[in-house]
Each structure stands twice: as C-alpha cells, then as structure tokens.
Amino acid sequence: MRSDAYYQYRGGHLYCEQVALADIARRAGTPCYVYSAAAIVDRFAAYDRAMAGVPHTICYAVKANSNLSVLRLLAEAGAGFDIVSAGELFRVVKAGGDPGKTVFSGVGKRADEIEYALEQGVHAFNCESADEMRLIDAVAARLRRPARVAFRVNPDIDAQTHKYISTGLRENKFGVNIADAPALYREAQRYENLRVTGVSCHIGSNLLKVEPMLEAVDKVLALVDELRSGGLAISELDLGGGLGVAYRDDEREPEIESTIAALCARASGRGLTLHVEPGRSIVAAAGVLLTRVLYRKSNGDKQFVVVDAAMTELIRPALYEAWHDIEPLRLIPERGNVVADVVGPVCESGDFLAKDRSLANVAPGDHLAVLTAGAYGFVQSCNYNSRPRPAEVLVEGHRWREVRARETFEDLIRGE
C-alpha cells in the first residue's frame with residue numbers, strides 16, 4: 001500500500017487516523033465511504049500556504065465530493081467554493097459556506113440557476129459562451145443585481161490526462177476560444193448589468209504534469225495584458241483546478257505547495273487576485289470505500305472476488321478504466337495473494353472495481369478498502385439495479401460519525 005499518514009496498518013489492521021476501519025465496517029455496514037478530516041484540512045492548508053504571498057481565494061470544487069460535513073469542514077478552514085449547478089450552491093449555503101467566495105462555473109447554466117446564484121450573492125460567474133453572457137445580463141437586469149463575470153478561455157492545450165476529463169482543447173465543449181476572447185470582452189463592456197473583472201482557465205482534471213499548467217498560465221497572462229492594454233480593468237485571475245493524485249505506485253503526483261507557488265510566481269507583479277479550484281487533490285486520498293467479500297468463484301483459470309460494492313458505488317473503473325489500490329482491512333500473510341477480478345453484484349460485465357489484480361487471498365466475509373476514493377466516488381453513485389446508495393463516514397482523530405445515512409428501500413421510491 002502506498003504510504004499515507006492517514007491510512008496505515010497497525011498490528012495487522014488498517015486504520016484511518018486513530019480508528020480501525022474494521023470497526024466502522026462492522027457498525028456502519030458496507031458498502032461505506034470513509035473520509036479522513038485531517039487529510040482534507042491538511043491538503044487545503046497546503047494550498048493556503050503556497051498562496052500566502054498573494055491575494056487569493058481557494059475555491060474548493062464541490063463536484064469532487066459534496067457531502068455537507070466535508071463542505072462545512074472546508075468552509076471553517078476558510079475555503080471558497082467552485083460550483084457547477086444551483087444544487088451545489090444550495091449545498092454550500094446549507095453547509096455554512098460563503099456565496100460571496102463562490103464562483104459559478106459550467107457550460108450549461110440555466111436561467112433559474114443564474115437567478116438563484118445572483119439572489120444568493122455569488123462572487124462571480126465563469127462565463128463559457130456569448131449566449132450565456134447575454135443571458136446573465138438579462139437575468140441580472142430583471143433582478144436589478146449586477147453580475148460579476150469572467151470568461152473561461154480555452155487555450156487549446158493538451159492537459160495529458162484522460163480524454164473524458166480533458167477540458168482545454170479546442171475540441172472540448174468548455175470555455176471560449178482564447179483568440180475570440182478579446183472581442184467577447186469588448187462586447188461584455190456594453191452590457192449595463194455585467195461587471196467584467198476577471199479571466200478564467202481550466203484545462204482538465206487529474207493533471208500529473210506541471211508543464212501544461214504553466215503553459216496555460218502564460219497564455220492567459222498574455223490575454224490579461226492584452227485586455228488591460230485595451231482599457232479593461234482585469235483584477236482577478238482564476239487558474240482553475242485539476243492538480244492530480246497518484247492512484248498507482250508508478251505514478252508521481254505534483255507536490256501541491258511547489259506547483260501552486262510556481263503558478264503564483266508566474267502571475268506575480270500584476271496586482272491580480274488569484275483563484276484556484278482544487279477538488280480531487282484535496283479529497284481523493286482522504287477517502288476509501290469499504291466493501292465486504294460476498295463470494296469467491298472461478299471460471300477455469302479466471303478468478304473472481306465478488307464484493308458488495310459495485311459500479312453503482314464507484315463508477316470510475318468502468319467509466320475511466322481508473323485504477324484504485326485495494327487492500328484488506330486485516331492482514332493475514334500466510335494466505336498469500338491471488339490474481340483476480342474484483343467485481344460487484346450489478347448485472348453488467350462493466351461492473352468491476354479491478355481487473356486481473358494481484359491482491360490479498362481473501363475469503364467470504366472479509367473486508368476490503370478501495371483506496372483514493374474520496375473524489376468522484378459517492379457523488380457519481382446511483383441507484384441502478386435499485387441499489388440504495390451507501391453511508392458516508394467522517395473520521396476525526398479517535399472519533400467517527402456517520403455524515404450521510406445509508407439509503408433505504410423507501411428512499412428508492414420516494415417521489416414516485
């Protein structure tokens with residue numbers, strides 16, 4: 001298992017902070033998501049230290065993990081928020097987050113969402129098209145609430161990540177072509193209800209290489225200089241998020257403080273307030289998915305470990321061919337290892353958590369932890385096959401508490 005200060009074996013048992021995960025599995029049941037509060041706060045603090053020398057807001061990307069207790073933890077640490085829907089803004093408000101430190105991103109904002117965001121007092125909209133700009137102006141005029149706007153520009157840079165989470169190429173749906181941006185900024189100046197104060201850029205998610213990020217910053221800073229020379233008072237720069245994490249032993253993730261400090265250094269001396277939008281890098285390694293082994297089976301030479309978690313709980317392996325380390329909650333070295341597919345109960349051949357994986361030779365009733373599952377885990381879960389969604393647990397030192405109850409069968413039909 002990759003070394004992590006928050007998840008370690010002690011006496012052959014896997015712990016999260018000071019709590020044995022087997023205790024949570026027994027009492028909260030499985031499948032179950034578990035998050036380390038200390039891991040979340042410490043990674044947020046690394047961003048804050050890296051940006052200490054410049055005016056800044058760290059806008060946590062709610063889409064990565066939107067549990068109210070996680071959002072409250074970050075709000076109390078001083079975080080702002082990056083949202084992509086009115087529902088996420090509702091969660092931020094309910095968790096005690098500050099709408100005035102919240103930026104509204106996303107390529108398809110509806111009029112009712114824009115209205116709700118203006119009423120709540122969001123800091124700014126990261127605008128992604130000319131049509132959206134005109135809609136924001138119209139809603140702002142009707143409400144008599146001027147809207148602060150930054151255009152999200154697409155710099156046509158290959159983020160060198162999975163094609164489904166690359167967002168900075170011309171072929172992607174996100175943002176406006178950086179070459180078209182000056183004309184859009186000039187048009188935006190003519191709208192009485194828009195306050196165009198910033199430039200935004202986000203080239204993709206799970207970025208493991210720093211060079212594409214630096215290239216994007218250089219392109220966006222050149223745009224800022226051009227806009228300012230044309231008379232626009234650009235005072236804010238949103239550098240986006242996307243800093244990656246190492247899911248496998250052979251991957252190396254960018255170090256938060258040095259990477260963010262390098263990005264900030266690129267923008268220094270321009271009098272800009274900087275925003276960043278980290279999500280995965282704050283919560284991914286902070287979370288695990290606990291699951292129980294139901295059966296062992298073989299089809300000839302092919303071995304299967306059938307567990308009670310499925311693609312309905314963690315779709316990343318099926319959707320992105322993503323890798324997650326899988327470790328037993330109790331080490332029994334004399335059993336050795338087995339090469340097997342780890343699969344769930346859902347009636348799809350795509351329902352797997354791992355393929356041809358060497359893992360502990362577990363037996364029915366044993367528990368496993370799927371690691372680095374704190375980001376894009378529960379938030380992408382669903383009720384396919386009429387499966388209730390799992391519980392979520394937050395660990396704080398020696399204590400743990402359930403921060404989302406496991407769904408019941410009645411929850412499945414609520415509203416029908």
Here's a check for you: in region 241-262, which residue that is in contact with a strand residue (DSSP E or B) (Cβ under 7 Å, 6 or more places away or on another chain) and in a loop (DSSP other than H, G, I, E, B) is nearest to Cys59 (Cα to Cα)?
Gly241
Give the number of residues within region 123-174 that are modelled with pLDDT under 95, closer than 23 Å to Arg228 by Cα and β-branched (Val, Ile, Thr).
1
Among residues belonging to region 318-345 that are under 28 Å from the mean Cα position of the chain (by Cα) and assigned to a loop (DSSP other than H, G, I, E, B), point out the one that is nearest to Ala373 (Cα to Cα).
His324
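This table checks each residue for (1) at pLDDT 95 or above; (2) over 25 Å from Arg248 (Cβ atoms); (3) over 23 Å from the mean Cα position of the chain (by Cα).
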| residue | (1), (2), (3) |
| --- | --- |
| Tyr9 | yes, no, yes |
| Gly12 | yes, no, yes |
| Cys16 | yes, no, no |
| Leu89 | yes, yes, no |
Please verify whether Tyr35 is among the aromatic types (Phe, Trp, Tyr), within 13 Å of the chain's Cα centre (by Cα) and not in a helix (DSSP H, G or I), treating the condition exactly as stated.
no
Answer yes or no: is there a residue in region 175-182 that is in a loop (DSSP other than H, G, I, E, B), at pLDDT below 95 and buried (at least 18 other Cβ atoms within 10 Å of the Cβ).
yes
Just the residues that are of a type in the set (D, E, K, R) and surrounded by 24 or more Cβ atoms within 10 Å (Cβ to Cβ), please, taken from region 211-243.
Asp238
Unmet criterion (only one of (1) crowded, with 23+ Cβ neighbours inside 10 Å; (2) not assigned by TED's automatic domain parsing to the domain that holds His367) for Leu21
(2)
Please go through region 181-200 and give me each residue that is of a type in the set (S, T, N, Q) and closer than 14 Å to Ala141 by Cβ, ordered by number.
Asn193
Any idea which of Arg91, Arg26, Arg49, Arg72 is in the same structural domain as Val307 (by TED's automatic domain parsing) and more than 18 Å from Arg148 (Cα to Cα)?
Arg26
Look at Asn337 and say whether it is at pLDDT below 95 and either surrounded by 13 or more Cβ atoms within 10 Å (Cβ to Cβ) or of a type outside the set (Gly, Ala, Ser) (or both).
no
Take the conditions surrounded by fewer than 19 Cβ atoms within 10 Å (Cβ to Cβ), part of a helix (DSSP H, G or I) and out of contact with any Lys or Arg (no Cβ under 9 Å at 6 or more places or on another chain) and apply them to Glu348. Does it pass?
no
Condition (residue is surrounded by fewer than 24 Cβ atoms within 10 Å (Cβ to Cβ) and either in the same structural domain as Ala79 (by TED's automatic domain parsing) or part of a loop (DSSP other than H, G, I, E, B) (or both)) applied to region 294-306: is it met by at least one residue?
yes
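The values are calculated or read from the model by the stated rules, or taken from the named source; none is laboratory data. Computed from a predicted structure; not experimentally measured. Cβ: placed from backbone, ideal geometry, glycine included. Neighbour counts: every protein chain shown.
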